[in-house]
1. Do we find that P274 is within 11 Å of ligand 1 (Cβ to nearest atom), in contact with a Ser or Thr (Cβ under 6 Å, 6 or more places away or on another chain), of a type outside the set (K, R) and in a loop (DSSP other than H, G, I, E, B) in this structure?
2. Report, ordered by the first and then the second residue, all pairs with beta carbons closer than 9 Å, sequence separation of six or more or different chains, a first member in the stretch 159-175 that is touching a residue at least 24 places away in the same chain (Cβ under 8 Å), and a second member that is part of a loop (DSSP other than H, G, I, E, B) and basic (K, R).
3. Grab the helices (runs of 4 or more DSSP H) fully contained in the stretch 164-237, keeping just those with 2 or more residues being touching a Pro at 6+ places or on another chain (Cβ under 7 Å).
4. Filter the stretch 177-213 for residues that are of a type outside the set (A, V, I, L, M, F, W, C) and in contact with a Lys or Arg (Cβ under 8 Å, 6 or more places away or on another chain); which is nearest to ligand 1 (Cβ to nearest atom)?
5. Which is touching a Leu at 6+ places or on another chain (Cβ under 6 Å) and among the small types (G, A, S), of A280, A231, A238, A210?
6. If a residue has to be surrounded by fewer than 24 Cβ atoms within 10 Å (Cβ to Cβ) and among the β-branched types (V, I, T) to count, how many in the stretch 45-68 make the cut?
7. Within the stretch 309-328, take every residue that is hydroxyl-bearing (S, T, Y) and more than 16 Å from ligand 1 (Cβ to nearest atom) and give me the one that is surrounded by the most Cβ atoms within 10 Å (Cβ to Cβ).
8. Which residues, taken from the stretch 342-380, are surrounded by fewer than 23 Cβ atoms within 10 Å (Cβ to Cβ), within 16 Å of ligand 2 (Cβ to nearest atom) and within 25 Å of A183 (Cα to Cα)?
Amino acid sequence: MPPYNAPTVKRTIEQVEVAGARVLMRADLNVPLDGGAIADDQRIRAALASMQHVVDAGGRLVVMSHMGRPGGRQDPALGLAPVAMRLSELLDRPVLLAGDMPVCDAAAEAVSAMADGDVVLLENLRFDPREQLGDDGFAAALAAMGDVYCNEAFGAAHRSDASLVALPQAMGQRPRVSGLLLARELRFLGEALDDPTRPFIAVLGGIKVADKLGVVEHLVGRVDCVLVGGAMAYTFLAASGVDVGASGVEATCVDDARAILEAAPAGGTRILLPQDHVTATSVDNPTSIETCAGAIGAGRVGLDIGPASATAFAAEVAAAGTIVWNGPMGMFEVPPFDAGTAAVAHAVAAATVRGATSIVGGGDSAAALVQQGLLDAVTHLSTGGGACLAMLQGVSLPGVEVLDDAPGDNG
Ligand code: ADP
Ligand code: MG
């Protein structure tokens, strides 16, 4: 089976001199807000080790992040003040939110006034329309505020925004390194994909069929088995001629799904679709719950894989050496449609205890692990759904490509 050629190991923030240097760190501090308060600070905590390293080593830390979708305009509801406060608590030192725009005189002045160990947070990068346009002038203005660039934003590494690609390019001869979290993501995903212990299986679910179709296509010929559950299963079932009742089918994806199913045997990959389904009369008001084997009845929607499918999927997981999981098996937020996801989650946890490598990506998949109390039961929980899918799809990550290779790494 062909290898993935996942990104090479990059030079990390620990492999560069930061004492006295202004370190421009692009993090993904896009935390969920609830009435202006941070509902979950996991993303801030995830980037903390790299930030702590810089301040402990006497660097001057300039943190950058986006938040939400302000659409290139200042939006008070999406300002980073709550992030600055939380970051200050976590680092146990002042964090100055500099200026009301990421690039402005106040920000430049704040950075030039920094002493070693100081921390400045630039305002939401997406307040400036040039961020998402990948603008070189915006990148140059950011680059002027740093001596070292550090990407610690795995969650955004599949994007080509200015702070992720044009900025490291604008650094010229100055170092552009990866943060510790990004390095960990690349190591786990890269190693699993390049040299997996077999059987290597992928478990895919969730709703984003169009996003995940390319992933399944790339997995064919590379993994031993793909288990398809969640809402995306109905598109595959429809493609294979199964009557899925009123379940959501992505009409534009059916032909591609059929082509993938047809190509799989020649690639040596088995694709398993659910054989039974927990169904109801509607997604919004799921009443008259019934399990259907095979075809789903007229007017019914599948909301979870059925018990026989859950058993079959769990058996595949139990026999695997490497498991990559992205996307829940059903509408797991609403019991009893959580049973299929729970069965897979527990099978993945048990396989991990037995020595298998398990990697989970995707926000909702992580939420499902939390729901089952299994957050720490997997080998690696990825912080980037989209970036993780891009790696599974064999797509290069622009924000990673531009970073310096690790010292001594020639290729
Ligand atoms: P992830 O965030 O892990 O990448 P997705 O965002 O693609 O996963 O999909 C997660 C969502 O899919 C969840 O909100 C879940 O309720 C929904 N979902 C999964 N299966 C079904 C289904 N059969 N019917 C409706 N919604 C589903
Ligand atoms: Mg999701």
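Please treat every number below as a calculation from the coordinates, not as lab data. Just so we're clear, the structure is a prediction, and the values are computed from it rather than from any experiment. Positions of Cβ are backbone-derived with ideal geometry, glycine not excepted, and every protein chain shown enters the neighbour counts.
1. Working: within 11 Å of ligand 1 (Cβ to nearest atom): yes; in contact with a Ser or Thr (Cβ under 6 Å, 6 or more places away or on another chain): yes; of a type outside the set (K, R): yes; in a loop (DSSP other than H, G, I, E, B): yes.
Taking the combined requirement at face value, the residue satisfies it.
2. As it stands, the answer is V165/R159; P175/R11, since those pairs meet every condition given.
3. On the way: elements: 166-170, 180-194, 209-219.
Correct list: 180-194.
4. Narrowing the stretch 177-213 to residues of a type outside the set (A, V, I, L, M, F, W, C): 178-179, 184-185, 187, 190-191, 194-199, 205-206, 208, 211-212.
Now narrow it down to the ones that are in contact with a Lys or Arg (Cβ under 8 Å, 6 or more places away or on another chain): 178, 206.
Numbers: S178: 23, G206: 2 Å.
The extreme case among them is G206.
5. Numbers: A231 fails: touching a Leu at 6+ places or on another chain (Cβ under 6 Å); A238 fails: touching a Leu at 6+ places or on another chain (Cβ under 6 Å); A210 fails: touching a Leu at 6+ places or on another chain (Cβ under 6 Å).
That would be A280, the only listed residue that is touching a Leu at 6+ places or on another chain (Cβ under 6 Å) and among the small types (G, A, S).
6. Total meeting the criteria: 1.
7. Keep residues of the stretch 309-328 that are hydroxyl-bearing (S, T, Y), which gives 309, 311, 322.
Those left that are additionally more than 16 Å from ligand 1 (Cβ to nearest atom): 311, 322.
Details: T311: 13, T322: 23.
Among residues in the stretch 309-328 that are hydroxyl-bearing (S, T, Y) and more than 16 Å from ligand 1 (Cβ to nearest atom), the one surrounded by the most Cβ atoms within 10 Å (Cβ to Cβ) is T322.
8. G363, D364, A366, A367, L369, V370
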